[in-house]
Each structure stands twice: as C-alpha cells, then as structure tokens.
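K.L.:
Let me begin by handing over the structure; questions about it come next.
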Amino acid sequence: MKFFDIVIIGGGLSGSSTALNLSKKGYSVLIIEKEAKRDFVCCAGGMAASTANLISTDINSVIESQVESVHFTWKSTDKVIADIPGKSPFWIVRREELDNLLLQEASKYGASIIRPSEVQSVTKIGEKWHCKLSNETFIKTKFLVIADGSESKWCSYLNLGPKKPKYARTSAIRLEGLGNISKNSVRFDFGSIKYGFAWAFPLKNSLNIGLGTFIGNNEFYNYELIEEILKGFGFRNINIKAKQKKLRIWNGIHNLNADGVLVVGDAASLCDPFLAEGIRPALISSFYASNIIDECLISNTYNLDEYSRVMKINWGLSMAWGKRIAEVFYRFPKTGYNIGIKRKTAPKRIAQILSGEMNYSDIANRVIKRLIFRNHK
Ligand SMILES: Cc1cc2nc3c(=O)[nH]c(=O)nc-3n(C[C@H](O)[C@H](O)[C@H](O)COP(=O)(O)OP(=O)(O)OC[C@H]3O[C@@H](n4cnc5c(N)ncnc54)[C@H](O)[C@@H]3O)c2cc1C
C-alpha cells in the first residue's frame, strides 16, 4: 500500500492549486482525477487579478484578456457601462489551461497524479485514511482533501458542507469570434433568463458564454431562448453546442472539515449565488486548506477546525449577503436592474466586486449606514 502525506480527490482548480501549494512545501501529494484529460471546462474564466496572489506560480501564460469595462444589458437593450479600475483588473483565463498549468507545476515539485481513476471507498483506520481506487490500488494518507467539484459524492458521505446542496443550472458555450463583444469588455445580460442571467467573456479569439438560473433548482434548456441571447451577443444562424452543468452554490455556513479531512472549491458549495464566481473561492479555500494542513503536519496534529473558521470569516459572511441580494434581485429582476444596476454608483460597485476590491458585506454595510444616517437626519 502506497503512503502519501496528502491525497486530493479531484484535479480541477481547487485540487490542483492545493496540490501545488503543498508539494511546494515538500510534502508527498497524490491527486486522483476521474477524467483522462479535460479539453473543455464549463467556466467562463473570469477572475480578479488580485486572486492570482493566492496561486503559487506565475499564470501570465494563460491570461487571454484583460477586462477594462463591464457592460450590463436588459434583454440586450438599455445598456449600462462600468469601467474597471486599472489598479485592480479583471482577467479572462482559459480554465482548462490554468488547471493543467497548476497540475504540471505541482508535478514538477513531486506531486503524483493518477488519472483516469476514481476513489471507490474511503475508510478511517486509526489516524490514517485508507482509499481504494477503481483500479484496485490501495492508498494510505494522513490528510484527505475533497476537491471533486459540484457533483461531489464524498462531501455528503463524510458529512461535510450543506446536507442539501443548492444548485444553479447553467449552460456553457464557446464560440469562435467575439460577436459584438468588444475585446476588453464583458457583458452581463439580465431579464432573458428567469432567476438568472447570461454572460459573455472574451478570450483572445473566441467567446465564453454562460447562462445560469440561480433560484428553484429548475431544469432549463431552451434552444430558442439561447438563440435569442446569442443574437444579442452578435451571433446568428450558428450551430449551438451547449454543455449543461449543475453548479453547487453557496447555501449557508457549514462545517467544512473533520479530523484529517476537508473540502475545497465547488464541492464545498462556495460558489457565489449571485454572480457564479467560483474561481476565487476555489483559490481561497485551497490557500487556507494548504496552510492549515501544513501547520498540522508540522505540529503532528489532525485537527482542521481552523479551516472551517477562516472560511466562514473570509468567505461565508460575505456570501450570506450575496445570497440575500441574489434572492431579492432574481425574484424582482426588472426592479433590481432599475435600482440595482442603473443606480449611479451600482455598476461601479459590481465592477469592484468582480475585481475583488469590495465584497458583499462591504456593500451591505454601506447600505445599512446610509439607512441609519437617513433615519437620524
Ligand atoms: C458555465 C459556468 C461558467 C462559470 N464561469 C465562471 C467565471 O467566469 N468565473 C468564476 O470565478 N467562476 C466561474 N464558474 C465557477 C467555476 O468554474 C467553479 O467554481 C470552479 O471550476 C470550481 O473549481 P473546482 O476545482 O472546485 O471544481 P471543478 O473545476 O469542477 O473540478 C473538479 C474536478 O474533480 C474531478 N472529479 C469529479 N468527481 C471525481 C471523483 N469522484 N474522483 C476523482 N475526480 C473527480 C473532475 O473531473 C474535475 O476535474 C463558472 C461555472 C460554470 C458552470
């Protein structure tokens, strides 16, 4: 039986960045990934440049665009534009290349990867985890990291994260050319999709298009609607190949660890329930997970409670406001668009959220202060 300090189930963004952080510190790391190769990841690749600080390698080679402005529309009309400040830019990366880059870097530092393979059973014997893989390989580890994304089967088995995960229904489309989206801008279109929105993020010569509905867990796939939205992005008469994905979104503060095991990224239901931002929480969670596992390995302990605590403070509290905002905005989208987006300072605030300058708690605090100030005048 092979032994590793850390075994990671899932080699997407959260798994690969955890693997890189920990292999860089000199630990033995194994990643178990179910796909032989991932040529296309359902992700538009939009990320705040500031989150690159959480990645322990240079990712310049996978940045395809630097976004300077955000364009909002209501059913393709009534445009509102917000500039993204140059000091905190927003990048578009090709996600499959970012994940591969991190896996390659991790393997340079000695991390092993077994793919395609799946874990069939996980058992705790004494202080160690024993995993049986689909090819009858047996592995033993001190720490287990669950990073198997939105379809995670290990979270509920290990009692981590929400008991009943909440899902956004999404579709991802990649098209050649940029349609009518200008090179350094992204587009958010509200009003066409019930309880959600459509987005278009430009790569170098192609466009990542996403459609998502965030309330009600409703199935949605409507060819005519997609055709109409694509028309608004400047594409007509094309063969639409959309990939559908159920995306776990944030649904309350929950325990994300037990002794010797923790969950990161989508598997932990961290994705922003308003804007579907999942890259940042994937990286934040892998950053803290790696640091706390490192501290445990140094002090020869297994208690990872600190992980759930820091994730609550550094992500959960802001998402609690994100969830409230999403519930109001998506239930009353026209009012949301008129007072939320068309309000003079609103686009700037959303641009600041995307660029990582502000979070939902900051916005909520501002609104609360404004209300208190008004009531005392
Ligand atoms: C359409 C769409 C567009 C999006 N656009 C953006 C965006 O522009 N910006 C942003 O910030 N976020 C975006 N997101 C969210 C973002 O893509 C996710 O939050 C992010 O991919 C989470 O990374 P992850 O590593 O946790 O999960 P994943 O990327 O899903 O990785 C999970 C990995 O685990 C593997 N796996 C699964 N099950 C097993 C198993 N049993 N055993 C072994 N391996 C397994 C999978 O093959 C995969 O490689 C978008 C999401 C969608 C659906």
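K.L.:
Note down the relative contact order for segment 223-375 as a percent, whole number, built from C-alpha pairs under 8 angstrom at least six residues apart.
P.N.:
Working: 127 pairs, mean separation 29.0, N = 153.
This gives 19 percent for segment 223-375.
K.L.:
Over the chain, with the other protein chains present, what is the accessible area per residue in square angstrom, probe 1.4 angstrom? Numbers along the way, then the final one.
P.N.:
Numbers: 16660 Å² over 377 residues.
In whole numbers, the chain has 44 Å² accessible per residue.
K.L.:
Something else now. What's the local net charge at residue 205, with K and R +1, D and E -1, over the other residues with C-beta under 12 Å away? Present the calculation step by step, with values, prior to reporting the outcome.
P.N.:
Values: positive: 94, 174, 183, 204; negative: 64, 176.
Surrounding charge for residue 205 is +2.
K.L.:
Listed here are the pairs 142/163; 108/348; 246/334; which of them are more than 31 Å apart at the Cα?
P.N.:
Numbers: 142/163 25 Å; 108/348 41 Å; 246/334 25 Å.
Table pairs above 31 Å Cα-Cα are 108/348.
K.L.:
Need the C-alpha centroid separation for segment 173-233 versus segment 271-287, integer Å.
P.N.:
20 Å
K.L.:
Moving to a separate point now. Over segment 66-185, what is the relative contact order in percent, taking alpha-carbon pairs closer than 8 angstrom and at least six residues apart?
P.N.:
Values: 94 pairs, mean separation 23.5, N = 120.
Averaging sequence separation for qualifying contacts and normalising by length gives 20 percent for segment 66-185.
K.L.:
Can you give the local net charge around residue 96? Use residues other than it whose beta-carbon is closer than 13 angstrom to its beta-carbon, Lys and Arg +1, Asp and Glu -1.
P.N.:
0
K.L.:
With a 10 Å cut-off between alpha carbons and a GNM built on the chain, which of 225, 158, 203 moves the most?
P.N.:
Sorting by GNM fluctuation, first place goes to 225.
K.L.:
With the cut-off at 22 Å, tell me which of the pairs 79/204; 164/243; 124/245; 183/231 have Cα atoms farther apart than that. Walk me through the intermediate numbers first.
P.N.:
Values: 79/204 24 Å; 164/243 24 Å; 124/245 32 Å; 183/231 18 Å.
Over 22 Å Cα-Cα: 79/204; 164/243; 124/245.
K.L.:
Could you put 99, 266, 78 in order of accessible surface area, largest first, with the 1.4 Å probe and the full protein assembly present? Don't skip to the end; give the middle numbers.
P.N.:
On the way: 99 5, 266 35, 78 60 Å².
The ordering from most to least exposed comes out as 78, 266, 99.
K.L.:
Computing the accessible area with a 1.4 Å probe over protein heavy atoms, can you report the carbon and sulfur percentage for the chain?
P.N.:
Values: 8290 of 16660 Å².
The computed percentage sits at 50.
K.L.:
Determine how large the accessible area of residue 59 is when every protein chain is in place; take a 1.4 Å probe and give Å² rounded to the nearest 10.
P.N.:
Around 10 Å² of this residue is reachable by solvent.
K.L.:
Taking the chain as the region of interest, what is the percent of Cα-Cα pairs per 20 angstrom bin, listed from the shortest bin to the one with the maximum distance?
P.N.:
29, 56, 14, 0
K.L.:
How big is the accessible area of residue 157 in square angstrom, nearest 10, if you roll a 1.4 angstrom probe over the protein chains?
P.N.:
140 Å²
K.L.:
Comparing 231, 87, 246, which has the greatest mean-square fluctuation in the GNM of the chain with Cα pairs linked when under 10 Å apart?
P.N.:
Checking each option, the largest mean-square fluctuation is seen for 87.
K.L.:
Give me the net charge of residue 333's neighbourhood, meaning all other residues with Cβ under 14 Å from the Cβ of residue 333; Lys, Arg count +1, Asp, Glu -1. Display every interim value, and only then the final one.
P.N.:
Numbers: positive: 75, 194, 331, 334, 342; negative: 78, 189, 327.
Summing Lys/Arg as +1 and Asp/Glu as -1 gives +2.
K.L.:
If you place +1 on the Cβ of every Lys and Arg and -1 on the Cβ of every Asp and Glu, how big does the dipole about the Cα centre of the chain come out, in debye to the nearest 20?
P.N.:
On the way: 52 positive and 35 negative charges, 276 e Å.
For the chain, the charge dipole is close to 1320 debye.
K.L.:
Could you sort 272, 305, 294, 39 by accessible area so the largest value comes first, with the probe set to 1.4 Å?
P.N.:
Working: 272 0, 305 85, 294 25, 39 105 Å².
Heavy-atom accessible area, descending, gives 39, 305, 294, 272.
K.L.:
Rounded, prolate or oblate for segment 77-159? Axes are the square roots of the Cα gyration tensor eigenvalues, ordered a ≥ b ≥ c, and the cut-off for rounded is a/c under 1.5. Mind dumping the intermediate values first?
P.N.:
Details: a/c = 2.88, a/b = 2.11, b/c = 1.36.
Since a/c reaches 1.5 and a/b is larger than b/c, the shape of segment 77-159 is classed as prolate.
K.L.:
Separate question: Using the beta-carbon distance between residue 236 and residue 163 and R0 = 35 Å, what value does 1/(1 + (r/R0)^6) give for FRET efficiency, to the nearest 0.05?
P.N.:
Numbers: r = 45 Å, r/R0 = 1.29.
For residue 236 and residue 163, the calculated efficiency is 0.20.
K.L.:
Take the chain, connect every pair of alpha-carbon atoms lying under 10 Å apart with a spring to form a Gaussian network, then pick out the residue of 255, 208, 159 with the largest mean-square fluctuation.
P.N.:
So, out of 255, 208, 159, the one fluctuating most is 159.
The values are calculated or read from the model by the stated rules, or taken from the named source; none is laboratory data. Not measured: the values here are computed from a predicted model. Methodologically, a virtual Cβ is constructed for each residue, glycine included, from the backbone with ideal geometry; neighbour enumeration extends over all protein chains shown. Surface accessibility is based on the protein's heavy atoms, side chains included, excluding ligands, DNA and RNA. Shrake-Rupley method; radii C 1.70, N 1.55, O 1.52, S 1.80 Å.
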